[in-house]
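To start, the structure under review is shown below, and the notes come after it.
The values are calculated or read from the model by the stated rules, or taken from the named source; none is laboratory data. Just so you know, these numbers come straight off a predicted model, no measurement behind them. No Cβ is skipped: glycine too gets one built from the backbone with ideal geometry, and neighbour counts run over all protein chains shown.
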Amino acid sequence: MTGKSEPESYPETYNAGAYWGPRKESPEECARRTATFLNLLASCDPLLAQWYKPAKSRKDARNAPLMPPDVPTLTELFRRGVNREKGGPIIEQLGFRFSFDNGGTGGDYASLRINGGMYSEAVSNHCVLSLPSKGLNAGRLLTTPVLTDVVRGMVSSWEPDWALAGSSAYRMQYPEPDSAPFSLGWFTYLSIRLGTVPPLPAPVRIEQVEDKGTLIILTPERFTVANPEHITLARRVRELLARAGLLRPVLSP
């Protein structure tokens, strides 16, 4: 029996991420950007206004809040997150990293993973926010107004080459080739460094983000792989961005 197989099914979870090319920065610089971002997140939604230092247990984390953000504390966390070979020296070009969350449980929480200060051509810097997958918080956060503010906050804080927010299931079912710089999201931000975004079909909305780049919002309602109209629209937008030359490898700032 022959025929085209259906795309593999994946759980539909949501996240937002900012990505940028080689940029050598100190732990202090990464800490200042993180503090700015945490303050902007706090204004997006109450769930995003509480964060805790990495700890062995959630109980321990509750005793180590990161809010309000303190730059010296964040600097020390980045310093501890250096990359090194086991028992060997620090690999400076791989920068710094650390992860933390806001103390929730059962899928109803958010977490942050930050890799900054990397200047290796082999890897990209990033800030990834994993969002609640269920519960009242998910219903409130997974909306156009909130995620617009989240992505704009990422752009203001990290000055990325590109950013997105949306369905991880879509990105798994429709992966980009290794040569492409990014996957398409429900929300996709492209730095002005990458080029000019062409006109896109309704209901897509295009917004300028300060003087830094362009934010593309595919649909006013929640984007989901269960909606074939959403998939058709996403594939059409991707085609238009590729035709405009925006799927080139990311350039260094």
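So here's what we get for this one:
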| quantity | calculated |
| --- | --- |
| Which listed residue, of 188, 148, 224, is assigned to a strand (DSSP E or B), out of contact with any Pro (no Cβ under 7 Å at 6 or more places or on another chain), among the polar types (S, T, N, Q) and within 30 Å of residue 39 (Cα to Cα) | 188 |
| Condition check for residue 120: within 23 Å of residue 218 (Cβ to Cβ), in contact (Cβ under 8 Å) with a residue 60 or more places away in the chain, in a loop (DSSP other than H, G, I, E, B) and over 13 Å from the mean Cα position of the chain (by Cα) | no |
| Selection count, the range 203-230, where residues are more than 16 Å from residue 164 (Cβ to Cβ) and modelled with pLDDT of 95 or more | 7 |
| Residue among 231, 216 that alone is outside any strand (DSSP E or B) and in contact with a helix residue (DSSP H, G or I) (Cβ under 8 Å, 6 or more places away or on another chain) | 231 |
| Qualifying residue in the range 169-181 (condition: modelled with pLDDT of 95 or more, surrounded by 13 or more Cβ atoms within 10 Å (Cβ to Cβ), small (Gly, Ala, Ser) and farther than 30 Å from residue 46 by Cβ) | no |
| Residue 177 vs. criteria assigned to a loop (DSSP other than H, G, I, E, B) and either in contact with a Pro (Cβ under 7 Å, 6 or more places away or on another chain) or not aromatic (Phe, Trp, Tyr) (or both) | yes |
| Qualifying residue in the range 216-239 (condition: surrounded by 13 or more Cβ atoms within 10 Å (Cβ to Cβ), over 20 Å from residue 169 (Cβ atoms) and of a type in the set (Val, Ile, Thr)) | no |
| Among the residues listed as 99, 133, the single one being modelled with pLDDT under 95, part of a strand (DSSP E or B) and of a type in the set (Ser, Thr, Tyr) | 99 |
| Filtered residue count, the range 161-208, keeping only those that are among the aliphatic types (A, V, I, L, M) and touching a Lys or Arg at 6+ places or on another chain (Cβ under 6 Å) | 1 |
| Within the range 61-82, considering residues that are touching a strand residue (DSSP E or B) at 6+ places or on another chain (Cβ under 9 Å) and not hydrophobic (A, V, I, L, M, F, W, C), the one modelled with the lowest pLDDT | 62 |
| Candidate set from the range 140-168 (those that are in contact with a Cys (Cβ under 8 Å, 6 or more places away or on another chain) and of a type in the set (Gly, Ala, Ser)); member that is surrounded by the fewest Cβ atoms within 10 Å (Cβ to Cβ) | 157 |
| Single unsatisfied condition, residue 147 versus (1) under 30 Å from residue 49 (Cβ atoms); (2) out of contact with any Phe, Trp or Tyr (no Cβ under 6 Å at 6 or more places or on another chain) | (2) |
| Considering residues of the range 135-189 that are of a type in the set (D, E, K, R) and under 15 Å from residue 223 (Cα atoms) only, the residue farthest from the chain's Cα centre (by Cα) | 140 |
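To keep it simple, each residue is scored yes or no on (1) touching a Ser or Thr at 6+ places or on another chain (Cβ under 9 Å); (2) free of Cβ contacts under 8 Å to residues at least 60 places away in the same chain; (3) of a type in the set (S, T, N, Q).
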residue: 148; (1), (2), (3): no, no, yes
residue: 192; (1), (2), (3): yes, yes, no
residue: 196; (1), (2), (3): yes, yes, yes
residue: 220; (1), (2), (3): yes, no, no
